[in-house]
Amino acid sequence: MPLALLALAVAAFGIGTTEFVMMGLLPAVAEDLGTSVPTAGHLVSAYAIGVVIGAPLLTAAGVRVPRRRMLIWLMALFAVGNLASALAPGYGTLLAGRVLAGLPHGAFFGVGAVVAAQLVAPERRARAVATMFLGLTVANIFGVPAGTALGHELGWRATFLVVTAIGLLAMAALWALVPRLPLERGGGLGGELRALANRQVVLGLLTAVFGFAGVFAVYSYLAKTVTEVTGLADSSVTWVLALFGIGMTFGAFVAGPLTDRALRPTLYGSLAALSVVLVLFHYTAHHTWAALVTVTVIGAVGFMTTTPLQMLVMNSAHAAPTLASASNHSAFNLANAAGAWLGGAAISAGWGWTSPTLVGAGLALVGLVIALVAGALDRGGRPRVSRIVGRSPIRRKAAAHADIR
């Protein structure tokens with residue numbers, strides 16, 4: 001694998017850390033800024049709002065910017081957002097800092113996925129994209145626990161200063177390791193918007209919203225589930241979340257080769273497995289070791305959906321995949337919000353702490369149905385490989401000998 005993928009993974013590590021570390025810092029932030037924990041919880045939503053807004057807008061604004069330069073600019077904005085969060089004098093400015101830090105998230109992964117696919121031979125594209133996503137999953141194993149611990153020892157501001165430093169390191173790595181990739185002809189904003197309206201792209205985004213909402217319906221309330229239902233101590237929650245992160249990393253690791261071999265079957269299988277394992281968790285949550293194993297499996301099969309979904313929208317977008325690729329991350333964050341809301345609604349209705357597992361299973365099943373409909377509508381059940389991905393300047397010679405249509 002090219003070293004440029006390491007630079008993308010470092011950036012993904014920083015993004016994943018800042019996205020999820022706020023959950024562990026909420027009590028400290030609330031106490032320091034003199035607000036309640038539920039109010040401080042809006043800082044998590046603020047980041048997601050930044051992602052949803054920034055993914056299409058920043059990608060559209062940078063459609064004519066060379067991709068290497070675009071990645072560096074996006075990481076610069078990421079660093080500024082985290083620095084603003086670290087220096088925020090009050091709750092309102094911290095809220096704005098979180099939105100600012102979230103703005104480049106979707107655009108970076110959208111552009112980064114296209115770049116990662118351009119750096120390798122056609123038959124290894126999904127593995128390259130999955131390698132970038134590994135940085136995001138590793139953040140849940142090491143970055144989030146370390147950032148939470150640092151915040152408790154030195155204050156939450158120290159955590160965001162360190163994340164800022166990671167952003168600067170990622171900028172240097174992107175500048176040094178990512179090659180200059182000339183823009184493809186025939187693209188532009190008009191082409192990107194037309195590609196975004198493609199039926200298969202729309203169905204792929206809907207699959208992401210419903211399918212991944214199933215994961216967040218459970219993940220959002222995992223801490224309470226394992227303490228109230230499984231009976232684990234509050235101090236064990238960090239380790240349970242780390243197990244979930246280990247599962248995510250395994251899922252990302254195996255999803256790449258499987259997606260390169262068979263994209264749609266990998267997507268169908270991961271969504272079906274997700275719906276089944278979420279139902280199982282409704283019962284295994286009452287037994288410690290069974291619950292821990294199930295949590296790990298949920299992380300694995302849940303994250304296995306991300307690579308095939310990313311490749312699906314990129315391939316379906318044909319010659320202009322960047323905006324569709326970025327919009328996929330808006331879809332994931334909409335899934336985050338929708339899953340958390342629907343899971344919380346089930347709990348508020350008095351159905352118990354395990355009720356989000358059944359809600360999540362239903363959402364994953366809806367995602368599977370949409371994916372199956374999309375596959376049936378697609379001629380031959382296989383999307384064409386994106387020209388902008390398949391005919392990269394790095395692998396032009398290899399692509400000339402491959403059937404990429």
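The values are calculated or read from the model by the stated rules, or taken from the named source; none is laboratory data. It should be emphasised that the depicted structure is a prediction, and the values quoted were computed from it without experimental measurement. We place every Cβ from the backbone using ideal geometry, glycine too, and count neighbours over all the protein chains shown. Note: areas computed on protein heavy atoms with side chains; ligands, DNA, RNA excluded. Shrake-Rupley method; radii C 1.70, N 1.55, O 1.52, S 1.80 Å.
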### Query
Restricting to the stretch 259-290, what's the tally of residues that are among the charged types (D, E, K, R) and touching a residue at least 12 places away in the same chain (Cβ under 8 Å)?
2
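The rows are residues; the columns are (1) out of contact with any Phe, Trp or Tyr (no Cβ under 9 Å at 6 or more places or on another chain); (2) closer than 24 Å to ALA326 by Cβ; (3) of a type in the set (S, T, N, Q).
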| residue | (1), (2), (3) |
| --- | --- |
| PRO179 | yes, yes, no |
| VAL201 | yes, yes, no |
| GLY204 | yes, yes, no |
| ALA233 | yes, no, no |
| SER236 | yes, no, yes |
| MET248 | no, yes, no |
| GLY256 | no, yes, no |
### Query
How many residues are open to solvent by less than 30 Å² (accessible area, probe 1.4 Å), under 18 Å from the mean Cα position of the chain (by Cα) and not β-branched (Val, Ile, Thr) when one looks only at the stretch 44-81?
10
### Query
How many residues, within the stretch 24-33, are buried (at least 21 other Cβ atoms within 10 Å of the Cβ) and touching a Phe, Trp or Tyr at 6+ places or on another chain (Cβ under 8 Å)?
2
### Query
Can you find a residue in the stretch 107-119 that is in contact with a Gly (Cβ under 7 Å, 6 or more places away or on another chain) and either among the charged types (D, E, K, R) or closer than 30 Å to LEU312 by Cα (or both)?
yes
### Test: residue in the stretch 307-321 that is among the β-branched types (Val, Ile, Thr), open to solvent by less than 10 Å² (accessible area, probe 1.4 Å) and closer than 23 Å to THR131 by Cα
yes
## Note on the structure
Across the stretch 308-323, the tally of residues that are in contact with a Gly (Cβ under 8 Å, 6 or more places away or on another chain) and under 11 Å from GLY110 (Cα atoms) stands at 3
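Residues in the stretch 302-320: is at least one among the small types (Gly, Ala, Ser), free of Cβ contacts under 8 Å to residues at least 12 places away in the same chain and assigned to a helix (DSSP H, G or I)?
no
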## Note on the structure
The correct count of residues that are open to solvent by 50 Å² or more (accessible area, probe 1.4 Å) and farther than 21 Å from MET70 by Cα in the stretch 1-23 is 2
## Note on the structure
If we ask which residues in the stretch 88-111 are open to solvent by 10 Å² or more (accessible area, probe 1.4 Å), more than 14 Å from the chain's Cα centre (by Cα) and closer than 12 Å to VAL51 by Cα, their number turns out to be 2
### Query
For the stretch 181-193, does any single residue satisfy the condition of being more than 27 Å from LEU271 (Cα to Cα), of a type in the set (A, V, I, L, M, F, W, C) and modelled with pLDDT of 95 or more?
no
### Query
Quick check: is even one residue across the stretch 137-154 in a helix (DSSP H, G or I), charged (D, E, K, R) and crowded, with 19+ Cβ neighbours inside 10 Å?
no
### Message
Can you go through SER85, SER36 and tell me which one is at pLDDT below 90, out of contact with any Asp or Glu (no Cβ under 7 Å at 6 or more places or on another chain) and either open to solvent by 40 Å² or more (accessible area, probe 1.4 Å) or over 20 Å from LEU181 (Cα atoms) (or both)?
### Response
SER36
#### Entry: Odd one out for GLY380, checked against (1) farther than 22 Å from LEU205 by Cα; (2) modelled with pLDDT under 65
(1)
